[in-house]
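Worksheet for the structure shown next.
The values are calculated or read from the model by the stated rules, or taken from the named source; none is laboratory data. Being a predicted model, the structure only gives us computed values, none of them experimental. Here the Cβ is made from the backbone with ideal geometry for all residues, glycine too, and neighbour counts use every protein chain on show. Accessible surface areas use protein heavy atoms only, side chains included; no ligands, DNA or RNA. Shrake-Rupley method; radii C 1.70, N 1.55, O 1.52, S 1.80 Å.
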Amino acid sequence: MTWQLRLHTLDITARAAMRRAYPGGRPAGGPVHLFLAITDHFEPQVHRPGQPMARKRLEQWLREYPLVAGRHRDHDGFTPAHSFFYPWDEYDEWEFSRLRDLCAAGWGEIEFHLHHRDDTESTLRRTLREGLETFRAHGALSTWPSGRPAWGFIHGNFALANSRCEGGANFCGVNNELAILEQEGCYADFTFPAWQTTAQPRQVNSIYYAAGDPTCPKCYDRGVAAQHGAPRKSGLVLIEGPLVPHLKRGRGGMLRPGMDDGTLTMNHCYRRERFDRWVRAGVHVEGRPDWLFIKLSCHGAADGDREALLGRDLEALFSDAEARYNDGERFRLHYVTAREMYNLVAASEAGLDGEPGALRDWLIPAPDTVPRQRSAATRTG
């Protein structure tokens, strides 16, 4: 780790600690609604293992995820629904078709993931349009009311808006990437946190809009928080996951500083204290602290992580969340996809105060291939 990255990491740690100490509002009364989404950088071809292994990775999800998720229900009676951010740069028609079928059975939704480097505005637009056209041909994406494709985004290598150039490798190349994503129909970015990378923004534990110069790299470093009752006319919203400093036990049982970034991995498995930290992160739309957004992340197809998720962690996560944060009086748990999470952000910005479970499809409907399990509220505003 370079000294510049060390200083950046210390700065982010301090900001996360301050955000935890002063989370910006407390619920006045009534239940706190928890919206839980798992955004998966779903890459069956990670590390290029060859087609047989890539298909084996996916087939395990097709076989085992419905068994795990089918045992669980949230406050509204819905099962967990996974958000598969599939990489266009690793597209395989066989993989995509089977993943679409899994989602068509009601177990999740597919969103757009992209690793790219040394791009220009024109080459990025071309890549996005080719990928979106293919995804839509499979019925995998939703649409805006205008008919444009609607999709969520995670940037490969966390290099959103040309924020990482390390060792001569440029993992993006396009400074105004946020504007391009919005123009092509992206409704929200779900890339962050990106702990211990230069891409990590100084704006932590937030739902916000970039405030920097859009022609400069990393224009999202600081931003303007999304506000209840104050919808934005333009700009791509960034929905961050939790970033929470804590003490953990190291070798010999000694306590040392740690950071929980809401990532589920083989080496950072689920424990009940993690969910408590994610709640304390207090990620919410300003003015609506009783709606908490818990966006977790994983690399669900990767060896080791895949076995941990399907064999242990998802079951433990869902069981614990339902047991401790879904009593109906103090807490109400809602399993949501990335798209549904965005709809709830947009509904809050529009000032809607109804039962949040009925707002999952408020602005952007489910893709045509996904069962209409959740009733959309009447659109207003």
key: Matching entry among Leu238, Leu243 (being at pLDDT 95 or above, more than 27 Å from Glu121 (Cβ to Cβ) and buried (at least 22 other Cβ atoms within 10 Å of the Cβ))   = Leu243
inquiry  = So, Val204, is that one assigned to a loop (DSSP other than H, G, I, E, B), modelled with pLDDT of 95 or more and β-branched (Val, Ile, Thr) or not?
reply    = yes
ask   = Being under 30 Å from Glu307 (Cα atoms) and in a loop (DSSP other than H, G, I, E, B), is that true of even one residue in the stretch 218-230?
value = no
message = Just the residues that are over 21 Å from Val285 (Cα atoms), of a type outside the set (Ser, Thr, Tyr) and either modelled with pLDDT of 85 or more or surrounded by fewer than 16 Cβ atoms within 10 Å (Cβ to Cβ) (or both), please, taken from the stretch 366-381.
response = Ala366, Pro367, Asp368, Pro371, Arg372, Gln373
task = Could you please tell me which pairs satisfy a Cβ distance under 7 Å, a separation of 6+ or placement on different chains, a first residue in the stretch 323-339 that is under 16 Å from Pro31 (Cα atoms) and at pLDDT 95 or above, and a second residue that is assigned to a strand (DSSP E or B) and open to solvent by 10 Å² or more (accessible area, probe 1.4 Å)?
result = Tyr325/Phe331; Asn326/Arg332; Arg330/Val32; Phe331/Val32; Arg332/His33; His334/His33
Which listed residue, of Ala308, Ala281, Ala301, is open to solvent by less than 20 Å² (accessible area, probe 1.4 Å) and either hydroxyl-bearing (Ser, Thr, Tyr) or closer than 29 Å to Gly351 by Cβ (or both) = Ala281
The listed residue being modelled with pLDDT of 95 or more, closer than 23 Å to Glu184 by Cα and not aliphatic (A, V, I, L, M), out of Asp76, Asp92 = Asp92
ask   = Does Ile207 satisfy the condition of being in contact (Cβ under 8 Å) with a residue 24 or more places away in the chain and surrounded by fewer than 24 Cβ atoms within 10 Å (Cβ to Cβ)?
value = no
